[in-house]
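A short write-up of the structure that comes next.
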There are 2 protein chains.
Amino acid sequence: MEDSRATPKAESGKGAGARTESGAGPGADLHLDLPRGGGTGVRAALIRSLRDAVRTGRLAPDTRLPSSRSLAADLGIARNTVADAYGELVAEGWLTARQGSGTQVARRVVPPEPAPPRTPTAAAVAAGRPAYDLRAGSPDVSAFPRSAWLSAARRALTAAPSDAFGYGRPAGRPELRRVLADYLARARGVRAAPEQIVVCGGFAQGLALLSRVRRQAGCRWMAVESYGLDIHWKVMRRAGLRTVPLPVERHGARIGELDRLAEVRTVTLTPAHQFPTGVSLHPDRRAAVVDWASRTGGLVLEDDYDGEFRYDRQPVGALQGLDPEHVVYLGTASKSLAPALRLAWMVVPDHLMDDLLAVKGTGEWQSSALDQLTLAEFIDSGAYDRHVRGMRMRYRRRRDQLVAALAERAPGVRVTGIAAGLHAVLELPPGTERSVVQGAAWQGLAVDGLTRFRYQDENGAGANGAGAERGTGQPQEQPDALVFAYGTAPDHAFTGALEALCRVLP
Amino acid sequence: MEDSRATPKAESGKGAGARTESGAGPGADLHLDLPRGGGTGVRAALIRSLRDAVRTGRLAPDTRLPSSRSLAADLGIARNTVADAYGELVAEGWLTARQGSGTQVARRVVPPEPAPPRTPTAAAVAAGRPAYDLRAGSPDVSAFPRSAWLSAARRALTAAPSDAFGYGRPAGRPELRRVLADYLARARGVRAAPEQIVVCGGFAQGLALLSRVRRQAGCRWMAVESYGLDIHWKVMRRAGLRTVPLPVERHGARIGELDRLAEVRTVTLTPAHQFPTGVSLHPDRRAAVVDWASRTGGLVLEDDYDGEFRYDRQPVGALQGLDPEHVVYLGTASKSLAPALRLAWMVVPDHLMDDLLAVKGTGEWQSSALDQLTLAEFIDSGAYDRHVRGMRMRYRRRRDQLVAALAERAPGVRVTGIAAGLHAVLELPPGTERSVVQGAAWQGLAVDGLTRFRYQDENGAGANGAGAERGTGQPQEQPDALVFAYGTAPDHAFTGALEALCRVLP
């Protein structure tokens, strides 16, 4: 393509796009820049040109496009190519096609008026920020209990000994470690003495530290789930470990694979609520993984990121409770309270403690002692339990609302996974994920497809090699789906977000 | 020694210590475990045994020890060996020797009675914690402005937008970056736009990030000052850089050496107040280092850890002001406010910004947004300036008190370095550093000798190789000295700490 443009011949004309400038047809205001010749190159270029024209506003919302026949004639290309391009752009949400009114430029969704404070504004949308961010990762931070937190801070800072304002110890403030030991036993069935708890600045820091400890102990591999966050895989690799995926199915990660992987001695799992597929690890597999660990001297890193939030029953207790010698439990305040705190915690078997503190203590960062003291007081006073209880009801209500809305408006879309956490997986008709995600983007909805969380190795290849990429097999293992974080939006915006989502679902 | 014990012959006897058990002399209560034979092994073992006996309380304070003649006879060793050992332990402060009363076990210093709240207690001393910690690094944390901080937190958290409670950006909260740009220009002559400021979790994090950025850019070396903190050298080495020292003299680091070090493109300096020697970088050398940087494409990391505290004149402005393109300025709240906050900041040239944020953004930790917002409000409201002003007066008073006390009580000890910061270097008579530090330890004073801060390479060798170790040359370059942090103790304990220090000075 580029070559043909560079030839004198191409320069002498103005390309296919030139015709529309002078043409009198309905496509006259389209400045399309198409390569000469036909085939898929023309189709792709037409899609790109039309998309750009819509995005930049050259084609205003509601503008009626020429019929495919007329534009094809205008451009001197096949009618099918134009019809195909229109179809794709409709799927992506840039265009709409209605019986009787032809193809039009879609209207963009703007937030409901009058815009409530601190929801995205039309200006934000225009600036490229989404009207609704439905991506997983953050809780509803508008619900942060500012006043209760400030009260706890006042009590904590007033009571703190002077040395609390000095350089801290790598393990964290003793006040917080004490309170957490008690809370985790009560809420998550974790078996921990305060001395086993290490405070860290988020799950990723804990993972980085533990990865380095394992690498120093001679481990070279980390097994991970075949769906998860690429940032975590990067953290492991930066510590010098190689990663290998365990396929995730209805019953969670295929633990049996570990027996095939003779060199692997460490595995990171999300047993209570697999991220992001939403399944929970089957009891047989829970037993199998601790059996594997004690049999081989292995270590399980249990990422319990949203263990507090289960809606249909009592949460399953932490895996760590089964075998505290072979499981490191990792919890966080990022989902239950706020990511801004940068506070998380690990429960560490005695035999790892010295190595872990040595790594954390030399040049590694510590967490704000003031926030640690405040969180200790916040938990100890019961405010944390109250907050979690309130949020659990709120998230549960939203999930119910989601399920009901889908049943009514998008019966072809299935909610999979257990009733837990801050996000749900919406299974889509095969082959539609990409166009739904793109269509949502155009409608001002930032939402991720499940594909984005699929395991990739250092070179960007998929879990089972490039041949297993989407569309070439195993549809039940690699479904088309959206990961919809019903927990993220502020309460007043949730209904609007859900409404907007329903509009883009097939 | 271990070998000889393992032989049947050694087991048949009970070693030299056995004799004192059955002896009737004044050393009868000494359970000394000495090797057979004579020489330095016996002397060292005797010193160790006596020290342990004193430390563990087997020999109570004021216990009079046998004369060297009598103990020597008791143990069947040379009298000189015993006299030598006694002399060493007197120098270390475990024993006292007075005319007419022979050698006695020293009394330990305990804090003045009645013990004020939150100073070390007798129990703490007994548990091995020092009565006074005079080591450099921490400000007087008892002066943390709790109430002003809490007020700022209330204002900041109440006004914060919801998204402040979510995951933050690697560069830090915009509120804080804005306020810091203004403050640093005003207080330290730093030239910075808010967009150039990156918040980090302490100087060490900033150093780690910048070291990695330089390593990625192909640098292999970091030049450092020949006195400093080993933790910083470790941070650089962990990032893959090798370190090379520039000798520190009266006019600061010998910048001219950089021209000899063709491969070095990065240097870390403490220009305003060299840590810990206390000298400031001579104006000619300030000019020379920025000249070197712009000539060679080099980079200076300016560690301005205590730039707010100068007592004899206005602080010298930041080096960064001379050449913002080639100097990264690093400041911290750890000295001006409290280490517990884990908040520091970098001012980064535009050309490094993308690389730095890329490193910080992938899996690196962020600082508590709540503390960032509170610090922004704390500075913006003027509370930070007020606090620094108050602390400056307090530290200056203490330094004056120190200088006066030394002039009166220890005229042989000289305070070197500029009137600035939170610590002073007390130059001792040659050859006395080690025994003064050890003697201080026994008196319940934790204080570091200057030697502890001398540059060592990865293998623990000194700045100029093993041959340059203390005692073998260049006494004016490697003086015997104490690093006394007059800034660390709470106000009510400072006089006691100073008094205790004077008692152990020669």
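The values are calculated or read from the model by the stated rules, or taken from the named source; none is laboratory data. Everything quoted here is computed from the prediction, not taken from an experiment. Because the Cβ atoms are built from the backbone with ideal geometry, glycine has one as well, and the counts that use them run over all protein chains shown. When the accessible area is computed, the model is the full protein with side chains, heavy atoms only, and any ligands, DNA or RNA have been set aside. Shrake-Rupley method; radii C 1.70, N 1.55, O 1.52, S 1.80 Å.
For region B:257-284, the set of residues classified as in contact with a Leu (Cβ under 9 Å, 6 or more places away or on another chain) and either surrounded by fewer than 19 Cβ atoms within 10 Å (Cβ to Cβ) or aliphatic (A, V, I, L, M) (or both) consists of B:Glu257, B:Leu258, B:Leu261, B:Val264, B:Val267, B:Leu269, B:Ala272, B:Leu281, listed by residue number.
Looking at A:Tyr384, A:Tyr395, just one residue is among the hydroxyl-bearing types (Ser, Thr, Tyr) and over 21 Å from the mean Cα position of the chain (by Cα), and that residue is A:Tyr384. Checked against (1) at pLDDT below 95; (2) out of contact with any helix residue (DSSP H, G or I) (no Cβ under 9 Å at 6 or more places or on another chain), A:Gly439 passes all but a single condition, namely (2). When B:Thr103 is tested against (1) in the same structural domain as B:Ala45 (by TED's automatic domain parsing); (2) at pLDDT below 60, just one condition goes unmet, and that condition is (2). Taking region B:188-239 as the search range and keeping residues that are open to solvent by 20 Å² or more (accessible area, probe 1.4 Å) and basic (Lys, Arg), which one is farthest from B:Ala338 (Cα to Cα)? Filtering region B:188-239 for residues that are open to solvent by 20 Å² or more (accessible area, probe 1.4 Å) and basic (Lys, Arg), the one farthest from B:Ala338 (Cα to Cα) comes out as B:Arg220. Within the set B:Ala164, B:Ala152, B:Ala156, B:Ala171, the sole residue that is aliphatic (A, V, I, L, M), assigned to a loop (DSSP other than H, G, I, E, B) and either open to solvent by less than 40 Å² (accessible area, probe 1.4 Å) or within 9 Å of chain A (Cβ to nearest Cβ) (or both) turns out to be B:Ala171. Scanning region A:137-148 for residues that are open to solvent by less than 30 Å² (accessible area, probe 1.4 Å), more than 7 Å from every other protein chain (Cβ to nearest Cβ) and assigned to a helix (DSSP H, G or I) gives a single hit, A:Ala143.
Residue under question is B:Ala358, and the condition is that it be in contact with a Leu (Cβ under 8 Å, 6 or more places away or on another chain) and within 14 Å of another protein chain (Cβ to nearest Cβ); does it hold? So B:Ala358 fails the test. Of all the criteria given as (1) within 14 Å of another protein chain (Cβ to nearest Cβ); (2) not in a strand (DSSP E or B), the one not satisfied by A:Tyr183 is (1).
Pairs linking a residue in region A:238-264 that is within 14 Å of another protein chain (Cβ to nearest Cβ) to a residue that is assigned to a loop (DSSP other than H, G, I, E, B), with Cβ atoms under 7 Å and 6 or more positions apart or on different chains, are A:Arg238/B:Gly363; A:Leu241/A:Cys219; A:Leu241/A:Arg220; A:Thr243/A:Asp457. Among the residues of region B:322-351, those that are within 13 Å of B:Ala192 (Cβ to Cβ) and open to solvent by less than 20 Å² (accessible area, probe 1.4 Å) comprise B:Val327, B:Val328, B:Tyr329, B:Leu330, B:Gly331, B:Trp345, B:Met346, B:Val347, B:Val348, B:Pro349. Would you say A:Glu249 is within 25 Å of A:Pro315 (Cα to Cα) and open to solvent by 10 Å² or more (accessible area, probe 1.4 Å)? When the stated conditions are applied, A:Glu249 passes them. Can you find even one residue in region B:362-377 that is touching a residue at least 60 places away in the same chain (Cβ under 8 Å), closer than 18 Å to B:Ala192 by Cβ and among the acidic types (Asp, Glu)? The answer is no; no qualifying residue exists. Checking each residue in region A:186-198 for being over 20 Å from A:His326 (Cα atoms) and either not in a helix (DSSP H, G or I) or not hydrophobic (A, V, I, L, M, F, W, C) (or both) picks out only A:Arg186.
Could you check, for region A:369-382, whether at least one of its residues is farther than 27 Å from A:Phe165 by Cα and either more than 14 Å from chain B (Cβ to nearest Cβ) or not basic (Lys, Arg) (or both)? The answer is no, given that none of the residues of region A:369-382 is farther than 27 Å from A:Phe165 by Cα and either more than 14 Å from chain B (Cβ to nearest Cβ) or not basic (Lys, Arg) (or both). Of all residues being within 14 Å of another protein chain (Cβ to nearest Cβ) and not in a helix (DSSP H, G or I) in region A:199-221, which is farthest from the chain's Cα centre (by Cα)? Just the residue, please. Taking the candidates together, the pick is A:Val199.
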